[in-house]
1. If you take every residue apart from SER434 with its C-beta less than 13 Å away from the C-beta of SER434, what net charge results, scoring Lys and Arg +1 and Asp and Glu -1?
2. By per-residue mean of other Cβ atoms within 10 Å, what is the highest-first order of 311-317, 231-237, 246-252?
3. When we measure straight from the Cα of LYS226, which lysines land under 25 angstrom away, once same-chain ones fewer than 8 places off are left out?
4. Among the Cys residues of the chain, which have no other cysteine Cβ under 4.7 angstrom away?
5. Quick one: compute the contact order of the chain, relative version, from alpha carbon pairs under 8 angstrom and 6+ residues apart, as a percent.
6. Please work out which option in (i) 29; (ii) 38; (iii) 48 gives percent of Cα pairs over 35 Å apart calculated from these coordinates, and answer with its label.
7. Give me TRP144, TRP389 sorted ascending by neighbouring Cβ count inside 10 Å, so fewest comes first.
8. Quick one: Cα centre-to-centre distance for region 181-208 and region 274-352, in angstrom?
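What follows is calculated from the coordinates using simple rules that are stated; it is not laboratory data. For clarity, every value in this text was computed on a predicted model and none was experimentally measured. Backbone-built Cβ (ideal geometry, glycine too); neighbour counts: all protein chains shown.
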Amino acid sequence: MAGRGAAPEGGLGQAVAKVLPRGGVAALRPEGLLLLRGPEALAAPEELPDEVVIGWAYDTATFESAPSGYDRLILGLLEAGFRPVAERAGLPAPVAGHEAAPPFRVVRARRDGYRIRSYRSGDEPAILELFRDSFGSDLSLERWAWKYHHNPRGGPRISLAFAPDGELACQYCAYPVRWRGLPPTSPADSHQVGDTMTRRSARAVGRGPTSLLARAARHFCLVNCKGRVAFNYGFNTGNIQRFSNRFLGVRQVEEAPYRELPPDAPLSRNARLGARYELRRIVERCGVDAEFDALFGRVSDRYGLLVERSSEYLRWRYLECPAGGPELIAAYRRGRLVAWAAATRLPDRVEWGDALVDPAERRAVRALLAEMRSPGLPVTGWFSDRPRWLSKELDALGLVRRPEPQGLVTGLAPFVRGDAVSLMRKGYYTKGDSDLF
């Protein structure tokens, strides 16, 4: 949509003409035609008529900070129950002998009563009920609180759409994740987007950019992302993938990097296990100590862009996960931590969700893999092709690249880092970096 930063399309008259409803200005009530400048806020949006056309112009005195004024205008409309149905950007016609006037934007919005707002304490029962309606399964309050309230990077970061009768109809949300390997001028945080959902009975409300999911996503990004995080990322397929690409600014990185070790595959003959490594299963929070931070500090530069796997993060992500979280297995050599892996044992497979390995001790990968295997079950996981040295080790151990069973694709929406897609294509990530493990 042009209102989201697209190049100007023409003069004010042309832009207004493109957003007017059928019948032109005569179809609007006079109080529905407004003009705001720079940091001005939308006054009393509740008192506006049901259809409005609002122009917004940069104030030359506050040009550097003015763009957030349009963001506040859109937030005010979304929170008051309006949906923006047409937006245009433009430049006023030049006047001889005068400096070029700053750009403007024009939005037409129509009230339909669906209000978008950020999460408030007490919304939890409605969110859990919406999850059940959307996915046909239950999400426990304990797991919800672990993911969104207890995340060490903060939260909850959630935008919710409520129907005119007050029923929760849609959610767009994410949890923050800190990355290592971004340029020093960039925010270190990004968002892992997940648990986006729309009530079955509300999926026909709006279309494309005016749908409830698009409106909730826009609200979320204006409140939590723009100018604040490097990028958002997630993993999806099918209709939601196409929707995200077209309306939410999501760009495809690659197919999810799925690998599988067949149940009858022998481990590589040229990698002896022996007694080289001491393996420990970590079950207590105190077991993830300063050694895990030291390992990450030693090896992170060999991985490129990756999620910061600090001890604080690992305790939250794997040991504090409710309802039987993944197993954390650590490999030590001569008393020093050199590698660890996270895995979940399921009835039909062992899911290898995460790992961090000292490249000088890459044989520890085989030791960890042998420890997590179960007779008769394949081992599956996501491991990007980067870093190359680790990818080659997985190849040598027999983990075969296969299409991801659900057709999942890695997607990313850049914010502060416009080059985030190219950075991710050089980085390291696993299924543990998603909310699917």
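1. Details: positive: LYS147, ARG317, LYS431; negative: ASP195, GLU351, ASP354, GLU404, ASP433, ASP435.
Residues close to SER434 contribute a combined charge of -3.
2. Descending mean neighbour count gives 231-237, 311-317, 246-252.
3. LYS226 reaches LYS147, LYS426.
4. CYS170, CYS173, CYS286, CYS321
5. RCO, the chain: 14 percent.
6. (ii)
7. Details: TRP144 17, TRP389 12.
Ordered from fewest to most neighbouring Cβ atoms within 10 Å, TRP144, TRP389 come out as TRP389, TRP144.
8. 28
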